[in-house]
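*Asks:* Here you go, one structure.
The values are calculated or read from the model by the stated rules, or taken from the named source; none is laboratory data. Since we're looking at a predicted model, the values are computed, not measured. Counting neighbours? That spans all protein chains shown, and the Cβs are built from the backbone with ideal geometry, glycine included.
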Amino acid sequence: MLTNEEFRKQAHQLVDWMADYMGKVDRFPVKSQVAPGVIKNQIPSQAPVKSNGMDEIFDDFKKIILPGITHWQSPKFHAYFPANSSYPSVLGEMLMAVLGVQGMIWDTSPAAAELEERVLQWLQNLCGLPDAWHGVIQDTASTATLVSVLTAREKLSGFQTNKKGLKDAPVYRVYCSIEAHSSVEKAVKIAGLGAENVMKIPVDEDMAMLSEDLAAAIDADMQAGYQPLAVVAALGTTGTVAMDPLGEIASICKNYSVWLHVDAAYAGSVFALEEYRYLLKGIADADSYVFNPHKWLFTNFDCTAYYVKDKDALIRTFEIMPEYLKTGSGSAVNNYRDWGIQLGRRFRALKLWFVLRNFGVEGIRATLRNHLKIAQWVEGKIEAHHAFELVQQRSLNALVFRYHPKGITDEEEINSANRQLLERLNQSGKIYLTHTKVRGMYVIRMIIGQTYVTQAHVEESWRIISKEVEN
C-alpha cells in the first residue's frame, strides 16, 4: 500500500499524464470502439489478495480501461449535451478528493456550507435570476426536478403527505410538454403520484409547449376533480433545445395557483449573456429553477444549481433531526442536508468556485459567445449543402439536421439513410453525434459546447460529416 512519499511520486506522474491527456484528447477515438464484454473479460473475477503496485495498476488503466472510454472532453464530441470539464475544475476536483469533506451540515465543514451559499449567489447574479431566490447544489437536474415535485406536493398538502402518505390525498396532476425530459415522469413516479398523471402538452412548430393547451388541460382536470400540482417548463428541451414560452406559462400557473418549475438544465448557462435573458421573461413568478454548470459552464460532473423561491417549504419537505445530527449552530447557518434528498454531500462548491474565479465573468461570456459563433458557422454550412437540411432552426449552439439524399422522397428511406450515416460517423471514431426524432423524422443532433472547442476543430468535424455523404 502507498506511503505518503510514494503517493507524492505517483501523484506527480498522474498529473503529468492528465495534462498530456487534456492537451491531446482530440487524438483519441471520440466514441469507444470496443465490443460489449471486452473490458470486463480483461478484469479478474476476484479482487487481488495481495497488494498491486501503482505502476502495474496504472499500466492496466492505460491498457484496459482507456480503450473503453468515450472521450466526453474531446472537441469533436458533439453528442447528447456536454459534460464539461476545464483545467480549474479538475484542480478543484482534486482538492475535493484530498479533503474528503462530507458536507451534510455546517459543523462538518463550515467552509463547504458557506462557500456553497456564496457561489450560488454569484451564479444567481451572473445569470440574471431573482435576488430573493435561495440556491443549493444538487447532484443532477433529475434530482432537482424530483426535489421540486416533492416540495410542491408537500406545500399543497399542508405538509401532510410526508406524515400520512397519499392514501387520502387528491389525484395530483403534473404538466409538461411532450418534449420534456424523461426525469419529469421519473420524478412523478418516485413521488408516488403515478406516471399516468403526467399530462404531456402538445408543442408548436418550434417544439415549444402550447400555452393555450396547457391552460385547457389544467381547466379540464379541475372540472374532472383532479388537483393540478405543478408545471415543468423547459428552457432548452433535450431533443432540440426548444424554449417553452415561460412568460405565458408563468401567467397560467399564477392564475391557477400551480407550482412552476423551470428546467434550464443545459441552456441555463447562456443566461450569463444578457442578450439571451429575454427568454427569462416571467421567471420571477416561478417557484423553482435548475441548471447544470456541469453541462455548459465548464465544471466537472456532477454540479447542479437549484434555486427555490420558498426556502421554508423546501426545508420542511426534507428536514429530519435525529439526535446524532443535532448541533448548537441552529438557524444561523445553512445545513444543506435539509435542502434535498441526500444526507451526505460532496464539496461541489469548491470546483465551481475555481471555475468562476479562473474564467471570470468576462472569460465565461467570451467562451459561450465563441461556441455560439461556431454553431452559427455550422448552421450556414448545413443550409448551403446540397445533401443536408435543417429540420429546426438553430437554438443556441444546437444543430438539428438530416441527410436528404437527392431524389428520395420516402420518409422511411430517408430515416434509414440517416441512421446509417450516423452509425458510420460514430464507428469511425473521428466524431461523435447522436440523434432524436422530430415529427417522425430521424434527425442528427450536433452540439458545439466542449470547453476548449475551436473553429478548427469544428471545421474538421464538418469535413468528416460532409465527406461521408459524398463517398
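*Asks:* Just one of (1) free of Cβ contacts under 8 Å to residues at least 60 places away in the same chain; (2) surrounded by 16 or more Cβ atoms within 10 Å (Cβ to Cβ) trips up residue 371, so point out which.
*Replies:* The number of the failed condition is (1).
*Asks:* Please determine whether any residue of region 223-242 is without any contact (Cβ under 8 Å) to a residue 40 or more places away in the chain, in the same structural domain as residue 303 (by TED's automatic domain parsing) and either within 22 Å of residue 440 (Cα to Cα) or surrounded by fewer than 21 Cβ atoms within 10 Å (Cβ to Cβ) (or both).
*Replies:* The answer is yes; a qualifying residue exists.
*Asks:* Given the residues 411, 362, which is the only one that is free of Cβ contacts under 8 Å to residues at least 12 places away in the same chain and outside the structural domain of residue 295 (by TED's automatic domain parsing)?
*Replies:* 362
Each row is one residue, and each column tells you yes or no for (1) in a loop (DSSP other than H, G, I, E, B); (2) in contact with a His (Cβ under 7 Å, 6 or more places away or on another chain); (3) on the phi > 0 side of the Ramachandran plot.
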residue	(1), (2), (3)
269	no, no, no
277	no, no, no
284	no, no, no
290	no, no, no
299	yes, no, no
302	yes, yes, no
305	no, no, no
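Each row is one residue, and each column tells you yes or no for (1) within 26 Å of the chain's Cα centre (by Cα); (2) assigned to a strand (DSSP E or B); (3) of a type in the set (Val, Ile, Thr); (4) within 20 Å of residue 181 (Cβ to Cβ).
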| residue | (1), (2), (3), (4) |
| --- | --- |
| 213 | no, no, no, yes |
| 218 | no, no, yes, no |
| 221 | no, no, no, no |
| 234 | yes, yes, no, yes |
| 240 | yes, no, yes, yes |
| 250 | yes, no, no, yes |
| 253 | yes, no, no, yes |
| 260 | yes, yes, no, yes |
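*Asks:* Taking residue 247, is it assigned by TED's automatic domain parsing to the domain that holds residue 291 and on the phi > 0 side of the Ramachandran plot?
*Replies:* The answer is no for residue 247.
*Asks:* What are the pairs, 6+ residues apart or on separate chains, where a residue within region 1-23 that is closer than 17 Å to residue 59 by Cβ has its Cβ under 8 Å from a residue that is in a helix (DSSP H, G or I) and of a type outside the set (A, V, I, L, M, F, W, C)?
*Replies:* Every condition considered, the pairs that remain are 2/10.
*Asks:* Taking only pairs six or more apart or across chains, which ones have beta-carbon atoms under 8 Å, a first residue in region 318-339 that is outside the structural domain of residue 116 (by TED's automatic domain parsing), and a second residue that is small (Gly, Ala, Ser) and modelled with pLDDT of 60 or more?
*Replies:* Correct list of pairs: empty, since none qualify.
*Asks:* Going by the conditions given, is residue 26 modelled with pLDDT under 95 and surrounded by 11 or more Cβ atoms within 10 Å (Cβ to Cβ)?
*Replies:* Against the criterion (modelled with pLDDT under 95 and surrounded by 11 or more Cβ atoms within 10 Å (Cβ to Cβ)), residue 26 qualifies.
*Asks:* Based on what the data block shows, is residue 356 of a type in the set (A, V, I, L, M, F, W, C), in contact (Cβ under 8 Å) with a residue 24 or more places away in the chain and on the phi > 0 side of the Ramachandran plot?
*Replies:* Judged against the criteria, residue 356 is not a match.
*Asks:* Which members of region 389-440 meet the condition of being crowded, with 21+ Cβ neighbours inside 10 Å and of a type in the set (Ser, Thr, Tyr)?
*Replies:* Matches in region 389-440: 403, 432.
*Asks:* If you check residue 163 against the conditions, is it among the basic types (Lys, Arg) and touching a Cys at 6+ places or on another chain (Cβ under 8 Å)?
*Replies:* It is false that residue 163 is among the basic types (Lys, Arg) and touching a Cys at 6+ places or on another chain (Cβ under 8 Å).
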